[in-house]
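Dropping a structure here in structure tokens format, bear with me for questions.
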Amino acid sequence: MLNALARTALAVIVSTLPAAALDDAARDVELQPERVMDAIGIRPGMVIGEAGAGRGYFTFKLARRVGDAGRVYANDIDAGALEHVRERCRNEGVRNIQTVLGEVADPLFPARALDLVMMVYALHDFAEPQAFLEKLKESLKPGATVVILDRDPDATGERHFMTRERLLALFAASGYALSREERFVERHILLVFRAS
């Protein structure tokens, strides 16, 4: 139990944090990124593609996990979001992230380079998800996995996101098979696929 002085000190610290840091801290509690990376097998030296990386919430976590011997390709079609990632890399001295400005139906990741592709809160917004997933296979090493972490509309009522059944059908139509599913992230879907 925190005493009054400790609560006041904590409140002062929290009030000085930028809004983005508070948002990331809240997301960390909800998404459990370290546990997710453990569960999907992210380890030092891997080459990861993050499709729909946005401003890099998960990108930097992946980069820390793969370390200097690894690499993260942060893909998006939003050039401004990728500029934010590059700026943060410069400010923080991060050298193992490379941004990739993709196209609607093509991530433009390097060919046969990726051990794993991660999509966090992204695929439901893709204009041509099946074409994207089909093209994505060209970037995967043999045995590579594609991981989806998204909100579960059946649990949240948020119809903006794809249901588990819709995701399974989309991946099957795109030439992937479900490898495994994790259920520890409440109100979320965490699926791991392999190209079939």
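Taking loop as defined by DSSP and a crowding limit of 11 other beta carbons within 10 Å, which chymotrypsin sites (Phe, Trp or Tyr not before Pro) in segment 162-196 fit?
Numbers: sites: PHE171, TYR176, PHE184, PHE193; in loops: PHE184.
Here the chymotrypsin sites (Phe, Trp or Tyr not before Pro) that fit, given the DSSP loop and packing criteria, are PHE184.
Mind telling me which of VAL147, VAL104, VAL120 comes out most flexible in a GNM of the chain, alpha-carbon contacts under 10 Å?
Answer for the Gaussian network model of the chain: VAL104.
Using 0.36 nm per residue of separation minus the Cα-Cα distance, give me the extension gain between GLU181 and ALA127 in nm, one decimal. Numbers along the way, then the final one.
On the way: separation 54, 0.36 × 54 = 19.44 nm, distance 2.49 nm.
Once the chain is fully extended between GLU181 and ALA127, it gains 16.9 nm.
What's the longest bit of the chain with no exposed trypsin sites (Lys or Arg not before Pro), using DSSP loop states and at most 15 other Cβ atoms within 10 Å as the test?
With trypsin sites (Lys or Arg not before Pro) excluded where exposed in loops, the chain gives 1-94 as its longest stretch.
Sticking with this structure for a sec: Please report the antiparallel percentage of the DSSP beta bridges confined to the chain, to the nearest 5. Spell out each step's value before the answer.
On the way: 14 of 33 bridges.
Around 40 percent antiparallel, to the nearest 5.
Starting from the Cα of LYS141, draw a straight line to each of the aspartates and glutamates and keep only those under 13 Å, dropping any in the same chain fewer than 8 residues away.
Of all the aspartates and glutamates, those that pass the test against LYS141 - Cα under 13 Å, at least 8 places apart if same chain - are ASP115.
Report the net charge of residues surrounding LEU62, where surrounding means a beta-carbon distance below 12 angstrom and charges are Lys +1, Arg +1, Asp -1, Glu -1.
Values: positive: ARG43, LYS61, ARG64, ARG65, ARG71; negative: GLU34, GLU50, ASP115.
The answer is +2.
What is segment 68-140 by shape, rounded, prolate or oblate, if you read a ≥ b ≥ c off the alpha carbon gyration tensor as root eigenvalues and call it rounded for a/c under 1.5, prolate for a/b larger than b/c, and oblate otherwise? All intermediate terms of the calculation are to be shown ahead of the outcome.
Working: a/c = 2.33, a/b = 1.41, b/c = 1.65.
Since a/c reaches 1.5 but b/c is at least a/b, the shape of segment 68-140 is classed as oblate.
Do the sum for the chain: with -39,500 (n - 2.57) for every DSSP H run of n ≥ 4, divided by all residues, what is the mean residue ellipticity at 222 nm, to the nearest 500 deg cm²/dmol?
On the way: 8 runs with 80 residues, N = 196.
Counting only the DSSP helices, I get -12000 deg cm²/dmol.
Just to confirm my numbers, what's the Cα centroid distance between segment 155-196 and segment 86-116 in Å?
24 Å
A further question on this structure: With only Lys, Arg, Asp and Glu charged, each at its Cβ (+1 for the first two, -1 for the last two), find how big the charge dipole of the chain is about the Cα centre; round to the nearest 20 debye. Walk me through the numbers on the way to the answer.
Details: 25 positive and 28 negative charges, 113 e Å.
Charge dipole, the chain, about its Cα centre: 540 debye, nearest 20.
Values in this text are rule-based calculations from the coordinates and carry no lab data. Not measured: the values here are computed from a predicted model. No Cβ is skipped: glycine too gets one built from the backbone with ideal geometry, and neighbour counts run over all protein chains shown.
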